[in-house]
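Undergrad: Pasting a structure here, questions to come.
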Amino acid sequence: MLKLGWWWGGALALTLAQMVAAAEPLSAYRGDARQSSVSGLSSGAFMAVQYQVAFSASVRGVGVVAGGPYYCSKGMLAGAPACMSGPPPAVGGLVLATQQFALSGQIDPLSNLAKRRVYLFSGSQDNTVKTAVVDSAESYFRKLGVPAARIEYLRGLPAGHAQITPTYGNDCGETKSPYVNHCDWKGEGYDQAGAILKQIYGPLQPRAGQLSSQVAVFDQKPYAPPGSSLADEGYVYVPRICAEGETCKVHVALHGCRQYAGAVGDAYYAHAGYNEWADNNRIIVLYPQTTAMPPGNPNGCWDWFGYTGVNFAWKSGVQMRAIKAMADRLVSAP
C-alpha cells in the first residue's frame with residue numbers, strides 16, 4: 001500500500017494529477033467484519049447513525065458528534081433544517097419508519113440494536129446542530145431498545161461545531177474550518193476519538209505516542225459510481241501490526257460537510273485523534289471521502305437527506321453500499 005505525506009500550507013503539496021497517479025487499490029487484511037464500528041461529525045454523524053441502524057447486524061457501535069436520529073430529514077432537503085436547528089421531527093414517527101424499513105428488509109433487524117453501544121456529543125456552543133437534535137437521537141436509540149447503560153452522552157462541554165481533540169485545531173468554542181477544535185474537560189484535554197472508541201470497544205491500550213505507520217491514499221473510484229458525490233480518493237490508516245497479518249477491526253470515521261480532504265487537507269484524517277488509538281489496539285481506520293457535487297451537494301456532505309436517491313438511508317443506498325464494501329474489503333483476507 002502506498003504511503004502518503006501531505007503538507008498543507010507548506011512547501012510541498014500533491015497536485016490532483018499526482019494524487020490520482022498515487023492512489024492504489026484498497027488492500028485486504030485479516031479481521032472480522034462483524035467487529036466494525038462507525039463515527040462521524042455533523043453530516044458524518046447523521047450518516048454514522050444511518051450506517052449503524054441499517055447494518056446493525058455487523059456494526060457494533062456508533063459515535064455521533066453533533067448528529068440526529070435516523071431518517072431525520074425523511075428524505076427531503078426541506079426537512080434538513082429542523083434536523084439541525086430544531087425542533088426535530090417527533091421521534092415516534094421516525095421509529096415507525098425505521099420499523100417499516102426493517103420489516104421490508106431494507107435494513108437489518110432492529111433486535112440487533114439492543115446489543116450495540118452509542119456515544120453522543122453536543123457542544124454547548126454549537127449553533128449548527130442544536131442540542132435538542134442530539135437529544136432526539138438519544139431518545140430514538142432508547143425507543144429502539146438500546147439500554148441506557150450502553151449510551152454515553154456528553155453535552156456540557158463549551159464546544160462549537162467540531163470534532164474535539166486535546167491539543168489540535170481551533171479554540172474550543174469556535175465553529176470554523178477545519179471543524180476540529182481543542183478543548184479542556186475536567187482539567188485536561190478532551191480526547192473525543194478515544195472516548196468514542198472506548199465506549200464502543202471497552203477498555204483500550206493507551207494511545208500511541210508515535211505512529212507505527214502512515215495514512216495512505218487509496219483509489220475510491222471502484223466504490224464511487226457517477227452521481228454518488230464520492231471522491232476519487234479515500235484514506236486509510238493501517239497499524240503496522242495489522243499490515244503484518246494480525247487480526248484487526250475496522251472503524252469508519254466520517255467527516256462533516258466542508259470537511260472532506262479536498263477542502264481541509266489532512267485536518268480530519270490525520271488529526272482527529274483516531275489513528276493514535278488505533279495503533280495500539282489493532283484497529284484499521286477508514287476515512288471515506290465525499291466531494292462537492294452541485295447543485296444537490298455543494299458542500300460535500302454525506303447523504304442523510306436524499307440527494308442520491310430515495311434509498312439513501314437503506315443498505316442499498318449508493319453511499320451506504322460503498323462504505324460497507326470498503327470496510328468489508330479491509331478485513332477480507334483469509
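Undergrad: Within region 221-252, which residues are hydrophobic (A, V, I, L, M, F, W, C) and closer than 19 Å to Asn281 by Cα? Walk me through how you get there before you give the answer.
TA: Residues of region 221-252 that are hydrophobic (A, V, I, L, M, F, W, C), as a first pass: 224, 230-231, 236, 238, 241-243, 248, 250, 252.
Val236, Val238, Ile241, Cys242, Ala243, Cys248, Val250, Val252 - these are the residues of region 221-252 that are hydrophobic (A, V, I, L, M, F, W, C) and closer than 19 Å to Asn281 by Cα.
Undergrad: Suppose we keep only residues that are under 21 Å from Ile151 (Cα atoms) and in contact with a Pro (Cβ under 7 Å, 6 or more places away or on another chain) within region 89-113. Which one would you say is surrounded by the fewest Cβ atoms within 10 Å (Cβ to Cβ)?
TA: This residue is Val91.
Undergrad: Turning to a different aspect of this structure: Output the residue which, of all residues in region 114-172 that are assigned to a loop (DSSP other than H, G, I, E, B) and charged (D, E, K, R), is most open to solvent (accessible area, probe 1.4 Å).
TA: First, pick out the residues of region 114-172 that are assigned to a loop (DSSP other than H, G, I, E, B): 116, 122-130, 144-147, 155-162, 166-169, 171-172.
Pick out the ones that are also charged (D, E, K, R) and you get 116, 126, 130, 155, 171.
On the way: Arg116: 31, Asp126: 6, Lys130: 70, Arg155: 119, Asp171: 88 Å².
If we take residues in region 114-172 being assigned to a loop (DSSP other than H, G, I, E, B) and charged (D, E, K, R), then Arg155 is most open to solvent (accessible area, probe 1.4 Å).
Undergrad: Condition (residue is of a type in the set (Gly, Ala, Ser) and either without any contact (Cβ under 8 Å) to a residue 12 or more places away in the chain or open to solvent by less than 10 Å² (accessible area, probe 1.4 Å) (or both)) applied to region 281-298: is it met by at least one residue?
TA: In the first step, residues of region 281-298 are kept if they are of a type in the set (Gly, Ala, Ser); the result is 292, 296.
Still in the running and either without any contact (Cβ under 8 Å) to a residue 12 or more places away in the chain or open to solvent by less than 10 Å² (accessible area, probe 1.4 Å) (or both): none.
Taking every residue of region 281-298 in turn, none turns out to be of a type in the set (Gly, Ala, Ser) and either without any contact (Cβ under 8 Å) to a residue 12 or more places away in the chain or open to solvent by less than 10 Å² (accessible area, probe 1.4 Å) (or both).
Undergrad: If I filter region 99-113 down to residues being in a loop (DSSP other than H, G, I, E, B) and polar (S, T, N, Q), which single residue comes out as nearest to Asn170 (Cα to Cα)? Steps first, please.
TA: The first filter runs over region 99-113 and keeps only residues in a loop (DSSP other than H, G, I, E, B), leaving 104-109.
If we keep only those that are polar (S, T, N, Q) as well, we get 104, 106.
Working: Ser104: 45, Gln106: 40 Å.
Of everything passing the filter in region 99-113, Gln106 is nearest to Asn170 (Cα to Cα).
Undergrad: Could you please find all residues in region 190-212 being surrounded by fewer than 14 Cβ atoms within 10 Å (Cβ to Cβ) and either more than 20 Å from the chain's Cα centre (by Cα) or closer than 15 Å to Ala253 by Cβ (or both)?
TA: If the condition is that a residue be surrounded by fewer than 14 Cβ atoms within 10 Å (Cβ to Cβ) and either more than 20 Å from the chain's Cα centre (by Cα) or closer than 15 Å to Ala253 by Cβ (or both), then Pro203, Gln205, Pro206, Gly209, Gln210 are the ones that fit.
Undergrad: Name the residue that is farthest from Trp302 (Cα to Cα), counting only residues in region 230-264 that are outside any strand (DSSP E or B) and open to solvent by less than 10 Å² (accessible area, probe 1.4 Å).
TA: If we filter region 230-264 for residues that are outside any strand (DSSP E or B), which is where we start, we get 231-232, 238-247, 255-264.
From what's left, open to solvent by less than 10 Å² (accessible area, probe 1.4 Å): 238-239, 242, 255-256, 259, 261.
Working: Val238: 24, Pro239: 26, Cys242: 28, His255: 8, Gly256: 7, Gln259: 11, Ala261: 13 Å.
Residue satisfying both the conditions and the ranking: Cys242.
Undergrad: Provide a single number: the residues in region 307-334 that are among the β-branched types (Val, Ile, Thr) and either open to solvent by 40 Å² or more (accessible area, probe 1.4 Å) or touching a Lys or Arg at 6+ places or on another chain (Cβ under 8 Å) (or both). Give the derivation first.
TA: Here is the first cut: in region 307-334, the ones among the β-branched types (Val, Ile, Thr) are 308, 310, 318, 323, 331.
Checking which are either open to solvent by 40 Å² or more (accessible area, probe 1.4 Å) or touching a Lys or Arg at 6+ places or on another chain (Cβ under 8 Å) (or both) leaves us with 310, 331.
Residues flagged as among the β-branched types (Val, Ile, Thr) and either open to solvent by 40 Å² or more (accessible area, probe 1.4 Å) or touching a Lys or Arg at 6+ places or on another chain (Cβ under 8 Å) (or both) within region 307-334 amount to 2.
The values are calculated or read from the model by the stated rules, or taken from the named source; none is laboratory data. Quick caveat: nothing in here was measured; it's all calculated off a predicted structure. Glycine also receives a Cβ, built like all others from the backbone with ideal geometry; neighbour counts cover every protein chain displayed. In case anyone asks, the SASA skips ligands and DNA or RNA and just uses the protein heavy atoms, side chains included. Shrake-Rupley method; radii C 1.70, N 1.55, O 1.52, S 1.80 Å.
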